[in-house]
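Before any comments, here is the structure.
Values quoted throughout were computed directly from the atomic coordinates according to the rules given, and no laboratory measurement underlies them. All values reported here derive from a predicted model rather than from experimental measurement. As a convention, Cβ positions derive from the backbone with ideal geometry for all residues, glycine included, and neighbour counts pool all protein chains shown.
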Amino acid sequence: MKKKIFALTAMLLSICGVYAQPASVFLTAGQSNADGRVYNSQLPEYLKDGYEYLHYKKVTSSSDGMFEKRNFDNMKERWAFCDVTNYLIEKSLQANFYSIKCTEGGTSIDTAATAPTKPVWCADAEWLAVNKAYRGDINKGKSLTKSLIEGFYDCVDVTLSKLQHGYDVKAIMWHQGESDRKKADNYYQNFKDMICYMRNAIYEKTGDEKDKTLPFIFGTVSRKSRQYSSRVEEAQRKVASELEHVYLIDLGDAPLGKDVLHFDSAGTESLGKKMFEKLEELNLIK
């Protein structure tokens with residue numbers, strides 16, 4: 001009799017939302033292959049209807065903390081691997097979840113590895129102290145790490161902190177490395193510092209101890225790429241072997257488009273699926 005009462009109570013509590021999970025939050029960052037370089041005219045059929053549960057915000061150029069719908073109506077716009085990952089997350093969760101994206105093509109972590117007109121992912125403390133978040137105007141701000149983190153903070157303050165059952169940051173998904181090939185010898189320390197900076201900054205906002213080692217999942221640069229650097233890949237592999245909860249997806253054979261630089265539709269879709277599979281393997285889709 002007691003078991004029946006307990007089961008009934010549990011069911012009623014579940015219906016009332018007492019056992020409801022915090023909303024899942026996923027962050028995506030990097031340069032052009034994370035930003036997406038395949039036009040919507042080559043969109044996978046299953047993405048054409050958009051999403052039911054996804055709340056999406058790109059914080060590279062603007063940050064007001066308000067999430068939006070993600071659609072693919074404009075054929076002049078492009079899609080990325082995270083769009084596929086988000087589709088698979090939605091199909092699995094069947095519940096509201098949140099995606100925050102900060103990406104910009106041609107960007108490096110090292111300040112000397114790319115054009116001075118480009119923002120960078122530098123996480124050096126002294127450099128960050130004198131550089132503001134990039135918001136579309138390089139003359140006003142150069143830091144993409146601040147774009148991502150301040151954008152995340154705005155989303156927390158305006159939206160996520162007000163959710164009935166709270167929120168839970170699940171992972172950072174990353175693709176980048178091509179633009180650092182000219183400063184490849186610095187990539188190991190730069191990459192490591194950037195990951196630690198992102199994790200610590202997220203922890204400072206959430207107060208959740210697990211975010212100190214928030215899962216960081218990244219793909220390597222395709223070895224077919226005209227901007228591939230073996231030294232960058234070696235540095236990435238070394239960081240993945242040293243830092244806790246950093247996971248590498250080998251994209252050495254990933255197919256590229258005619259520019260021999262950016263993923264084609266098959267490569268973009270494949271990375272999206274591999275990211276989801278890693279999230280699922282790590283039990284982060286819940």
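Summary of computed values
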item: Lysines with Cα under 23 Å of Lys142, excluding same-chain neighbours fewer than 8 positions away; result: Lys57, Lys58, Lys101, Lys118, Lys132, Lys182, Lys183, Lys192, Lys205
item: Neighbourhood charge, 12 Å Cβ-Cβ cut-off, centred on Ala23 and excluding it, Lys, Arg +1 and Asp, Glu -1; result: +2
item: Rounded to whole Hz, the Karplus (6.51, -1.76, 1.60) HN-Hα couplings of the range 179-185, x for glycine and proline; result: 6, 8, 4, 6, 10, 4, 5
item: The range 253-260 - phi-based ³J(HN,Hα) in whole Hz, Karplus 6.51/-1.76/1.60, Gly and Pro as x; result: 9, 4, x, 10, x, 5, 7, 6
item: Rounded tilt (10° steps) of 81-93 against the dominant C-alpha axis of the chain; result: 10 degrees
item: Relative packing of peptides 280-286, 52-58, 31-37 - highest average C-beta neighbours within 10 Å first; result: 31-37, 52-58, 280-286
item: Degrees separating the helix 144-158 axis from the principal Cα axis of the chain, which is the longest one; result: 20 degrees
item: Per-residue HN-Hα couplings for the range 218-233 [Karplus 6.51, -1.76, 1.60; θ = phi - 60°; Hz; x = Gly/Pro]; result: 9, x, 6, 7, 4, 5, 7, 5, 6, 10, 5, 10, 5, 5, 5, 5
